[in-house]
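The values are calculated or read from the model by the stated rules, or taken from the named source; none is laboratory data. Just so it is clear, the model here is predicted, and its values are computed rather than measured. We place every Cβ from the backbone using ideal geometry, glycine too, and count neighbours over all the protein chains shown. Note: areas computed on protein heavy atoms with side chains; ligands, DNA, RNA excluded. Shrake-Rupley method; radii C 1.70, N 1.55, O 1.52, S 1.80 Å.
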Amino acid sequence: MEMQLPPHEGGELSVVDMHTGGEPLRIILSGYPEVKGDSVLSKRRYVREHLDHLRRVLMYEPRGHYDMYGALIVDSELPEADLAVLFMHNEGYSTMCGHAVIALGRFAVDYKLVKEPKSPETQVNIHCPCGLVKAFVEYSEGKTGGVRFLSVPAFAFATDVTVLVEGFGEVTVDISYGGAFYAFVNAQRFGLDVSKSRTRDLVDAATAVTRAVKSQVKLHHPASDDLAFLYGTILTDGKDDYSPEPTANICVFAEAQVDRSPTGSGVTARVALQYHKGLIQLNQTRTFQSGATGSQFAGKAVEETKCGDFKAVVVEVAGRAFYTGVSRFVQEADDKLTHGFLLK
C-alpha cells in the first residue's frame, strides 16, 4: 500500500535520517521557511531568534528524543562551498559537528548536491558556522563509502586549569578547540570508566565539570565571539600518549546530551591537545573509540597553522555514516504536544 500523509493542517517537514558511529543525524530536506542572513553565523542567529520552534518540533519528542541531532542545509556566502549547514540539538545550535560532516559528505554526493562525483574520492566543501570544512567521500562504481574531513584550525586553549567542581572539589582540566570548545578530564578522577560505568554517572560528572568551567573560565576565539563558548566536556580513559591501540572517550555536550560516536569535533580538539603536549606527531594516526557504543574514528594532525595568536593544527578525522530512513512529519492544530517536549 502506498504510504500517504494523514489528514493535517499546514505544511510538512521532510527529513533524511542517518547515523555516524551510532550518533543520529536528522537532515532537513524541506519545510523550513527562508533563513535570512548574509553569513552562516548570522543565519545561525536568525534561526535561534525566529525559527526555534521548528528545532523543537524535529529534535524533541514525540518526533525526536532527548539526544537527537539535526542539520539544516542553507546557502553559503563562500563561493567555494558546496553547501552550508546549521547544526541543532536539544539546547540550541552548535558551531561544528564532525559526525554530521561525515554524514553530510556522503549525503551531498548521493543527493547530488555536488558536481559529477569522482573516484576514488569526491571532495565536498561544507561551510559550518566555525568555517569551511573539506570532506572527502569514498566513491566507486556509483556508491559512496567512508568519509574523512579536514578541520578548521584546532588548538589547545589552556592546559592544567583548576576549577572547583560541585560535588568533586578541585578538578584539573584541559580546554581545547576543534570547531567548538571542550573541557577534557580523565574519567578516573571521578572513579569512573568511560566504557564500563553507568551513563548517568558519566553524564553527572561531565555536566558538573561543564558548569564549573563555564562559570570560572572565560573563553575567547580569534575569529568571532559567536564561537567563544564551552560546548561540553569529554571524559577520557587517560591514554593520551601515542599508541596503536584505541583510546576511548565519551562526550557530554549541550544540555547533558550524550554523543554515541567518538565525537568528530571532540576528536579534532583532542588531537590538537595531544599535539600541543608533544604526545603525537604530524601524520601519526590514532584511533578514538566511543565509550558508549564502541564505534571508532581515526584522527591525526596533518598540518601546523595559526588561529590568531594560537599555534594550531589542521586535523583529519575519518569515519563511516549510514542511512536509517526518511520521514515526513506533520502537525495537527489540536495536538497540545505538537510543539515538542523533553523528559529529563
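Explain nothing, just the number: dipole magnitude of region 270-310 about its Cα centre with +1 on each Lys and Arg Cβ and -1 on each Asp and Glu Cβ, in debye rounded to the nearest 20.
Working: 5 positive and 3 negative charges, 30 e Å.
Result for region 270-310 is approximately 140 debye, rounded to the nearest 20.
Calculate, in whole percent, how much of the Cα-Cα pair population of region 266-309 lies beyond 17 Å.
Values: 320 of 946 pairs.
Counting pairs separated by more than 17 Å, the tail of P(r) holds 34 percent.
Cβ neighbours within 10 Å, averaged per peptide: list 264-273, 309-318, 106-115, 91-100 in order, most packed at the top.
Details: 264-273: 31.7, 309-318: 20.8, 106-115: 18.0, 91-100: 25.9.
Taking the mean over residues of other Cβ atoms within 10 Å, the ranking is 264-273, 91-100, 309-318, 106-115.
With axes computed from alpha carbons, what is the tilt in degrees of helix 98-110 against the longest principal axis of the chain, rounded to the nearest 10 within 0 to 90?
Once rounded, one gets 40 degrees.
Quick check for you: with a 1.4 Å probe and neighbouring chains kept, what is the accessible area per residue of region 152-318, in Å²?
On a per-residue basis, region 152-318 sits at 41 Å².
Calculate the translational D of region 244-336 in whole µm² s⁻¹ from Stokes-Einstein, where the hydrodynamic radius comes from the Kirkwood formula applied to all Cα pairs, the temperature is 37 °C and the viscosity 0.692 mPa s. Present the calculation step by step, with values, prior to reporting the outcome.
Details: Rh = 15.3 Å.
The calculation lands on 214 µm²/s.
Along the Cα-to-Cβ line of ASP225, 7 Å from the Cα, sits a label point; which residues in region 129-159 have backbone N less than 20 Å from it?
The answer is 129-131, whose backbone nitrogens lie closer than 20 Å to the label point.
At 7 Å along Cα-to-Cβ for each site, give me the label-to-label distance between TYR46 and ASP309 in nm.
Those two pseudo-labels are separated by 3.5 nm.
Sorted by mean Cβ packing within 10 Å, highest first, what order do the peptides 162-175, 223-236 take?
223-236, 162-175
Using the beta-carbon distance between SER243 and GLU61 and R0 = 35 Å, what value does 1/(1 + (r/R0)^6) give for FRET efficiency, to the nearest 0.05? Walk me through the intermediate numbers first.
Numbers: r = 41 Å, r/R0 = 1.17.
The value I calculate is 0.30.
Suppose R0 equals 30 Å; then what is the FRET efficiency for LEU279 and LEU78 from their Cβ-Cβ distance, rounded to the nearest 0.05?
0.30
Counting DSSP beta bridges in the chain, what percent are antiparallel, to the nearest 5?
85 percent
Do me a favour and compute the ellipsoid semi-axes for region 99-244 from its Cα gyration tensor, root of five times each eigenvalue, largest one first, whole Å.
In descending order, the three semi-axes are 35, 19, 12 Å.
Where does the chain land on the Kirkwood hydrodynamic radius, alpha-carbon pairs, in angstrom?
Evaluated over the chain, this radius sits at 20.4 Å.
Mind grabbing the accessible area of LEU219 for me, 1.4 Å probe, Å², rounded to tens?
The accessible area comes out at roughly 20 Å².
Can you give the net charge of the other residues whose Cβ lies under 12 Å from the Cβ of HIS220, counting K and R as +1 and D and E as -1?
So the environment of HIS220 carries a net charge of -2.
Just name one of TYR93, GLY169, PRO62: the one whose Cα is farthest towards the positive end of the charge dipole of the chain (beta-carbon charges, Lys/Arg +1, Asp/Glu -1).
Of the candidates, GLY169 comes out farthest on the positive side.
Looking at the square roots a ≥ b ≥ c of the eigenvalues of the Cα gyration tensor of region 1-143, which shape do they give, rounded for a/c under 1.5, prolate if a/b is larger than b/c, or oblate?
Working: a/c = 1.69, a/b = 1.25, b/c = 1.35.
In terms of gyration-tensor shape, oblate.
Please give the FRET efficiency for LYS112 paired with HIS8, using the beta carbon to beta carbon distance and R0 = 25 Å, rounded to the nearest 0.05.
Values: r = 29 Å, r/R0 = 1.17.
The value I calculate is 0.30.
So which aspartates and glutamates can LYS300 reach, going by Cα to Cα under 16 Å and dropping same-chain residues fewer than 8 places off?
ASP240, ASP241, GLU245, GLU316
Rounded to two decimal places and with Rh computed the Kirkwood way over Cα pairs, what is Rg over Rh for region 152-318?
Taking Rh as the inverse mean 1/r over Cα pairs, Rg/Rh reads 0.93.
Sticking with the crude label model, points 7 Å out along Cα→Cβ, report the distance from GLN123 to LEU164 in nm, one decimal please.
5.2 nm
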